[in-house]
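**Q** The structure that follows is given in the form of structure tokens.
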Amino acid sequence: MRGRFSGRISNRPAGGRHKTFRRIPEFHRLVVESLTDYAVLTADKDLKISSWSGGAATMFGYKESEIIGQSLSLLFTPEDIALKIDKSEFADALKKGRMDDERWHVRKDGRKLWCYGLSFPLKDASGTVRGFVKLIRDDTQRKAKDDSLRESEERVRLAAELTGLGTWDHDIATGALKLSRHARRLFGFKKNARTSYKQLFAAIVPEDRAEISKSFQASWKKKGDDAILMEYRVTMEDGAVRWIRTMAKPFYDPKAGKEPVRIIGTVVDITDRKKSELDSAKVNTELEKRVKERTTSLTNANKELETFAYSASHDLRAPLRKIEAFSQAILQGGKLDAGDEQYFSRIRAAAGHMDHLIDEILNLSRVTQQPIAPVSVDLGALVGRIAAELKQSAPSRKVKFVIERGVKVHGDRDLLSIALRNLLENAWKFTSKHAEARIEFGSKLIEGQKSYFVRDDGAGFDMQMAGKLFGDFQRLHQEDDFPGTGIGLGMVERIIRRHKGRIWADAHVEGGATFFFTLYSEGK
Amino acid sequence: MRQILLFVDDDHDDVQLTLLGFSQQGFKPEVILARDGKEALDRLITDYSASRPLPQAILTDLKMPRVDGLQFVRLLKEDPRLRDIPVGFLTSSGSEADKTEALRMGACFYMLKPSNLDDYAELVKLIQEMMRSRPPK
């Protein structure tokens, strides 16, 4: 039965069991046996194994002696056998002259091998088919590598798609543009349509193109490999507009010109985000507009109120003035008895006090209405001048003024002068019950900000009342002890506030009081 | 020598207080009263036409009906027959703008109505200075 070529291939010495061996030229035998990475085997027409190379023995684990005469099916998986592949493969090889394949085969120990195989029929001199030759290469390791690569690629692709990330790869040298499936969808390309950078650029809304070119040019200029971030709109076939965010990374060839040779990037659909951004921007604009309107109307209302306060207090003064003057006329007439005279004195005094209050209200509204004209102001010099006036008003008082010189600030001279005068007059007033007094003006850093202070060692006040200090018409002392209108500190507070500063106080009953203030232009 | 003062004020109380202040200071001019700028102008023009003596000085309030103090002085200064009569303001308006405007138009002084009768001494002094600057015709 055995044909000329069906001799077994073996490295046994000549004169072995099989007479056919001698028919194979020694050269061919050596060639076959040197193919240690390949299994070379032959089978007869009934697909019974008729020769088995050393490579085959190593690969499949069967010794030549145990496999010769066995069915080729032994090397196939049960699944392939069920599909009759062990038979059809050779039928196809016969039909086509040769047949190559990639499939799983089974070793003697049951382990599977992923193999590349090549089968072709063996014919004798007359062309009659005698059997088949099969060459098998073990690709299990390569397949494992390929599989893991494919798997990780697949994982990356899946991750990209799940996060809505499309990828693209533009080879500038060849002009080829590769887009991932998702990227194609984002740009509205049909599934198998050819893609080019030109087409992609054409999909972008015209107004957004210049910005993209600008981003690219800026990156080329730097020749940096920083990712370029761009957001732009793309028009779909149906006219819908989609916002896309692209991260692109350029790659340069040091030998080539200034422009990169390749750009790789990602694209992601940010339409929803953009929409909500635009919506919130709209809401913000609307809010800002409303705040502005409210502020304007509040400012106007404030101005009206101040104007009203001014004219109201003005009109209040006329009748008061008459009460005072006519009372005086009656008193000067000398026709009253002692009791009536006292009543009229009280009427005059009350009218005088009210007149003073109105004066203060007028001052207060002036302080609030008068526009600020900031110049460089020497606070120490101002304090010195006011102190001199105070001393002159009561030369018998023993008050020591300690004034830090050269304290210069930026502010409205008139207003700051009014503020200092009020603070100093307060200090002067509240030390009046002490035989000797010390009033100090200076500056110091408090919490990193330049602060100014007026300190006295007078009557002081209870810090629990400090909240009422700057309220209009608020008084912490009895009128009989320390006369006043309760407007002064309110005015000082307004002036400091108009200078974007802050005022606060520290005091103890009979332990003196210190008023601190800051101004906007300082310590920033 | 007749001392004639034209006093323009719509407030009866203020007129009375001012006259009281004058008399306390021993100042007793012949006072022609007018209740607003229009009445004052009419009176001046009538007197001028009738060749009656014109006042040596005018004292005027600021806020009055029809023609107020500032308008009155403006019209007065436009009239060549009357423009030389000196004018002083006695008002309760402490507005800096009013004061500036009054002085700019040629007023001799701008004084706030006093609440103390003793303060009329200052006013009397100012009026007498005006009268001295323009002897009677």
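The values are calculated or read from the model by the stated rules, or taken from the named source; none is laboratory data. Please read these numbers as outputs of a predicted model, since none were measured by experiment. Backbone-built Cβ (ideal geometry, glycine too); neighbour counts: all protein chains shown. SASA here: full protein model, heavy atoms, side chains in, ligands and nucleic acids out. Shrake-Rupley method; radii C 1.70, N 1.55, O 1.52, S 1.80 Å.
**Q** Applying the selection to the range B:9-28, what residues are open to solvent by 10 Å² or more (accessible area, probe 1.4 Å) and either within 13 Å of the chain's Cα centre (by Cα) or farther than 16 Å from residue A:332 by Cβ (or both)? Step through it out loud before you land on a result.
**A** To start, the set of residues in the range B:9-28 that are open to solvent by 10 Å² or more (accessible area, probe 1.4 Å) comprises B:10-13, B:15-16, B:19-20, B:23-26, B:28.
B:10, B:11, B:12, B:13, B:15, B:19, B:28 - these are the residues of the range B:9-28 that are open to solvent by 10 Å² or more (accessible area, probe 1.4 Å) and either within 13 Å of the chain's Cα centre (by Cα) or farther than 16 Å from residue A:332 by Cβ (or both).
**Q** How many of the residues in the range A:65-123 are among the hydroxyl-bearing types (Ser, Thr, Tyr) and in a strand (DSSP E or B)? Full working, then the answer.
**A** So the first thing to find is which residues in the range A:65-123 are among the hydroxyl-bearing types (Ser, Thr, Tyr), and the list is A:65, A:71, A:73, A:77, A:88, A:116, A:119.
So of that shortlist, the ones also in a strand (DSSP E or B) come out as A:71, A:116, A:119.
Here the count works out to 3.
**Q** Given the conditions (1) in contact (Cβ under 8 Å) with a residue 12 or more places away in the chain; (2) hydroxyl-bearing (Ser, Thr, Tyr); (3) over 23 Å from residue A:140 (Cβ atoms), report the number of the one that residue A:119 does not fulfil.
**A** Here residue A:119 meets the rest and fails (3).
**Q** In addition: Residue by residue through the range B:83-132, note down the ones that are more than 14 Å from chain A (Cβ to nearest Cβ), more than 14 Å from residue B:72 (Cα to Cα) and touching a helix residue (DSSP H, G or I) at 6+ places or on another chain (Cβ under 8 Å).
**A** Correct list: B:108, B:109, B:110, B:124.
**Q** Being open to solvent by 60 Å² or more (accessible area, probe 1.4 Å) and assigned to a helix (DSSP H, G or I) is the filter here, so list the residues in the range A:249-276 that pass it.
**A** Listed by number, the residues that qualify are A:272, A:273, A:275, A:276.
**Q** Run down B:91, B:100 and say which single residue is among the polar types (S, T, N, Q), touching a residue at least 12 places away in the same chain (Cβ under 8 Å) and either surrounded by 14 or more Cβ atoms within 10 Å (Cβ to Cβ) or closer than 30 Å to residue A:369 by Cβ (or both).
**A** Values: B:100 fails: touching a residue at least 12 places away in the same chain (Cβ under 8 Å).
The conditions single out B:91.
**Q** Identify the residue in the range A:458-489 that is open to solvent by 50 Å² or more (accessible area, probe 1.4 Å) and at pLDDT 75 or above and, among all such residues, is nearest to residue A:502 (Cα to Cα).
**A** Across the range A:458-489, the extreme among qualifying residues is A:467.
**Q** Exactly one condition in (1) under 11 Å from the mean Cα position of the chain (by Cα); (2) more than 14 Å from chain A (Cβ to nearest Cβ) is not met by residue B:78; state its number.
**A** All conditions pass for residue B:78, except number (1).
**Q** To continue, here is another question. Would you confirm whether any residue within the range A:501-521 is of a type outside the set (S, T, N, Q), outside any loop (DSSP other than H, G, I, E, B), out of contact with any helix residue (DSSP H, G or I) (no Cβ under 7 Å at 6 or more places or on another chain) and farther than 22 Å from residue A:401 by Cβ?
**A** Yes: the range A:501-521 contains one or more residues that are of a type outside the set (S, T, N, Q), outside any loop (DSSP other than H, G, I, E, B), out of contact with any helix residue (DSSP H, G or I) (no Cβ under 7 Å at 6 or more places or on another chain) and farther than 22 Å from residue A:401 by Cβ.
**Q** Just give me the residues in the range B:6-32 being more than 13 Å from chain A (Cβ to nearest Cβ) and touching a Leu at 6+ places or on another chain (Cβ under 6 Å), in sequence order.
**A** If the condition is that a residue be more than 13 Å from chain A (Cβ to nearest Cβ) and touching a Leu at 6+ places or on another chain (Cβ under 6 Å), then B:7, B:29, B:31, B:32 are the ones that fit.
**Q** Out of (1) over 25 Å from the mean Cα position of the chain (by Cα); (2) within 23 Å of residue A:162 (Cβ to Cβ); (3) open to solvent by 80 Å² or more (accessible area, probe 1.4 Å), what's the single condition that is false for residue A:237?
**A** (2)
**Q** Using beta carbons and a limit of 6 Å, which pairs, at least six apart or on different chains, have the first residue in the range A:128-153 and of a type in the set (S, T, N, Q) and the second one surrounded by 12 or more Cβ atoms within 10 Å (Cβ to Cβ)?
**A** A:140/A:113; A:140/A:114
**Q** Condition test on residue A:396, is it within 14 Å of another protein chain (Cβ to nearest Cβ), open to solvent by 50 Å² or more (accessible area, probe 1.4 Å) and of a type in the set (Ser, Thr, Tyr)? Spell out how you get there, then give the answer.
**A** Details: within 14 Å of another protein chain (Cβ to nearest Cβ): no; open to solvent by 50 Å² or more (accessible area, probe 1.4 Å): yes; of a type in the set (Ser, Thr, Tyr): yes.
Judged against the criteria, residue A:396 is not a match.
**Q** Quick one: in the range A:296-355, which of the residues that are open to solvent by 60 Å² or more (accessible area, probe 1.4 Å) and not in a helix (DSSP H, G or I) is nearest to the other protein chains (Cβ to nearest Cβ)?
**A** Going through the qualifying residues, I end up with A:335.
**Q** Here are B:33, B:6: which of them is touching a strand residue (DSSP E or B) at 6+ places or on another chain (Cβ under 6 Å) and open to solvent by 70 Å² or more (accessible area, probe 1.4 Å)? Explain how you work it out, then say what you get.
**A** Values: B:6 fails: open to solvent by 70 Å² or more (accessible area, probe 1.4 Å).
Residue meeting the stated conditions: B:33.
**Q** So for the range A:394-405 (the condition being in contact (Cβ under 8 Å) with a residue 12 or more places away in the chain and assigned to a helix (DSSP H, G or I)), does at least one residue qualify?
**A** No, the range A:394-405 has no match at all.
**Q** Out of curiosity, is residue A:367 assigned to a strand (DSSP E or B) and surrounded by 14 or more Cβ atoms within 10 Å (Cβ to Cβ)?
**A** Numbers: assigned to a strand (DSSP E or B): no; surrounded by 14 or more Cβ atoms within 10 Å (Cβ to Cβ): yes.
Against the criterion (assigned to a strand (DSSP E or B) and surrounded by 14 or more Cβ atoms within 10 Å (Cβ to Cβ)), residue A:367 does not qualify.
**Q** Hey, another quick one. Just give me the residues in the range B:36-72 being open to solvent by less than 20 Å² (accessible area, probe 1.4 Å), away from chain A (no Cβ under 14 Å) and under 17 Å from residue B:111 (Cβ atoms), in sequence order.
**A** B:57, B:58, B:59, B:60, B:69, B:72
**Q** Hey, among A:292, A:274, which residue is more than 30 Å from residue A:495 (Cβ to Cβ) and away from every other protein chain (no Cβ under 14 Å)?
**A** A:274
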